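The values are calculated or read from the model by the stated rules, or taken from the named source; none is laboratory data. As the structure is a computational prediction, the values presented were derived from the model and not from experiment. Glycine also receives a Cβ, built like all others from the backbone with ideal geometry; neighbour counts cover every protein chain displayed.
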Amino acid sequence: ALTIAIVGLPNVGKSTLFNALTKNQVLAANYPFATIEPNVGVVNLPDPRLDVLATMFASEKVLPAPVSFVDIAGIVKGAAEGEGLGNKFLANIREADAIAEVVRGFADPDVVHVDGVVDPEADMGTINTELILADLETVEKALTRYEKELRLKKVEPTVYETAVAARDALQRGEALSATSLDLAPIKELGLLTAKPFIYVFNVDESVLTDPARKAALAALVAPAEAVFLDAKIESELIDLDPADAAELLASTGQEESGLDQLARIGFDTLGLQTYLTAGPKESRAWTIGKGWKAPQAAGVIHSDFEKGFIKAEVISFQDLVDTGSIAEARAHGVARIEGKEYVMQDGDVVEFRFNN
Ligand code: GDP
């Protein structure tokens, strides 16, 4: 499954956020290094379209698309050299598809900051440096191996050359995602700074309700996406019924919870989209990549659907809502029969036809 790793300095609110994400109570203690083992939490991608479909089809179940998050221990200065918790958790980040970096913006003097002062920009710099150093170490190790393999013709020259270019960029202090390098040849190395990043600013209510301050923080990380939330409020929201939760959100100037935003932006950052299926048994969102064609999308439901793909009946969600039912959509000519070359669109409501 696709996963997003949560990273950040100690005491920035990672555990608090993760608790809210999973509705589990994992350890959230007020001291550095409280979280040591990686934990995985699965969050549903909020999708109001599913509720509409569930009503229309009188579905027994509603199954949204899951987004997985991995909580890992905090990064401290020197993490890349094996200080603090060291390389153990960097290995866990390597396997993630994207990284959500939690940055502390809340002031609370009762919560110790690992470097003594709350400074989001400096914190991001610290983490960036650690990730660049970790990547440098990985690439240098790989290069030693690639040099040998190149002599024995066991590796493509492009692999070696890409690794050299990556090393040079990292030595200049550049994150790999900020370079124009094609890193596909060295994908196996799982380089951290090559992954897509989302920045999660854990802030006070005063910042949540201050558009100018938020814009300034977002500008620091652009073109990466920024999510603003108050992890403490998020952990309270999960215990409230929907009406009370909406009221609490509104009182802090938010329309959508931070977790919902995070799931949505995370999904987008991973380059994913969903198509929908609906019927009396279930209304369900299926996760696919952007640009996928119909047979590949069918394969997400079952590999037989892909192998035996004949065609798909596709109605856009909006067309289905506008016409009111599949029969009406057909009558109005908005139910399309699509073939193998059809490129799936987000929110397509689909029924696949296939040979067994
Ligand atoms: P981690 O080390 O990054 O996992 O940080 P934790 O989630 O354990 O949080 C460290 C401390 O900060 C805990 O005492 C939390 O209750 C507190 N904390 C987390 N988020 C917030 C927040 O948004 N506002 C305030 N005031 N405290 C927070």
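Kindly provide the set of residues from region 239-255 that are in contact (Cβ under 8 Å) with a residue 24 or more places away in the chain and more than 14 Å from the ligand (Cβ to nearest atom), ordered by number. Please lay out each step first, then the result.
Residues of region 239-255 in contact (Cβ under 8 Å) with a residue 24 or more places away in the chain: 252-254.
Answer for region 239-255, where residues must be in contact (Cβ under 8 Å) with a residue 24 or more places away in the chain and more than 14 Å from the ligand (Cβ to nearest atom): just 253.
Please find, within region 1-54, the residue that is modelled with the highest pLDDT out of those that are more than 12 Å from the ligand (Cβ to nearest atom) and of a type in the set (Ser, Thr, Tyr).
Going through region 1-54, the residues more than 12 Å from the ligand (Cβ to nearest atom) turn out to be 1-5, 22-24, 37-38, 40-54.
Retained after the next criterion (residues that are of a type in the set (Ser, Thr, Tyr)): 3, 22.
Details: 3: 82, 22: 72.
Going through the qualifying residues, I end up with 3.
For region 319-355, name all the residues that are in a loop (DSSP other than H, G, I, E, B) and at negative phi.
So the first thing to find is which residues in region 319-355 are in a loop (DSSP other than H, G, I, E, B), and the list is 324-325, 332-335, 339-342, 344-347, 355.
The answer is 325, 332, 334, 335, 339, 340, 341, 342, 344, 345, 346, 355.
Name every residue in region 171-183 that is at pLDDT 95 or above and assigned to a helix (DSSP H, G or I), in order of residue number.
Residues satisfying the conditions are 171, 176.
Find all pairs meeting these conditions: Cβ atoms under 8 angstrom apart; at least six residues apart or on different chains; first residue within region 106-134 and at pLDDT below 80; second residue in a helix (DSSP H, G or I) and within 14 Å of the ligand (Cβ to nearest atom).
115/123; 115/126
Hey, among 191, 217, 229, which residue is buried (at least 18 other Cβ atoms within 10 Å of the Cβ), in contact (Cβ under 8 Å) with a residue 24 or more places away in the chain, more than 16 Å from the ligand (Cβ to nearest atom) and in the same structural domain as residue 122 (by TED's automatic domain parsing)?
Working: 217 fails: more than 16 Å from the ligand (Cβ to nearest atom); 229 fails: more than 16 Å from the ligand (Cβ to nearest atom).
Selected residue: 191, the only one of 191, 217, 229 that is buried (at least 18 other Cβ atoms within 10 Å of the Cβ), in contact (Cβ under 8 Å) with a residue 24 or more places away in the chain, more than 16 Å from the ligand (Cβ to nearest atom) and in the same structural domain as residue 122 (by TED's automatic domain parsing).
So, of the residues in region 320-346 that are farther than 22 Å from residue 272 by Cα and of a type in the set (D, E, K, R), which turns out to be surrounded by the most Cβ atoms within 10 Å (Cβ to Cβ)? Spell out how you get there, then give the answer.
Within region 320-346, the subset farther than 22 Å from residue 272 by Cα is 320-337.
Those left that are additionally of a type in the set (D, E, K, R): 322, 328, 330, 336.
Working: 322: 13, 328: 14, 330: 14, 336: 16.
My answer is 336.
Exactly one of these conditions fails for residue 94: (1) surrounded by 18 or more Cβ atoms within 10 Å (Cβ to Cβ); (2) more than 9 Å from the ligand (Cβ to nearest atom); (3) of a type outside the set (A, V, I, L, M); (4) at pLDDT 80 or above. Give me its number.
Here residue 94 meets the rest and fails (1).
Return the total of residues in region 224-261 being part of a loop (DSSP other than H, G, I, E, B) and at pLDDT below 90. Reasoning before the result, please.
To start, the set of residues in region 224-261 that are part of a loop (DSSP other than H, G, I, E, B) comprises 224, 230, 238-241, 252-257.
Now restrict to residues that are at pLDDT below 90: 238-241, 252-257.
Qualifying residue count, region 224-261: 10.
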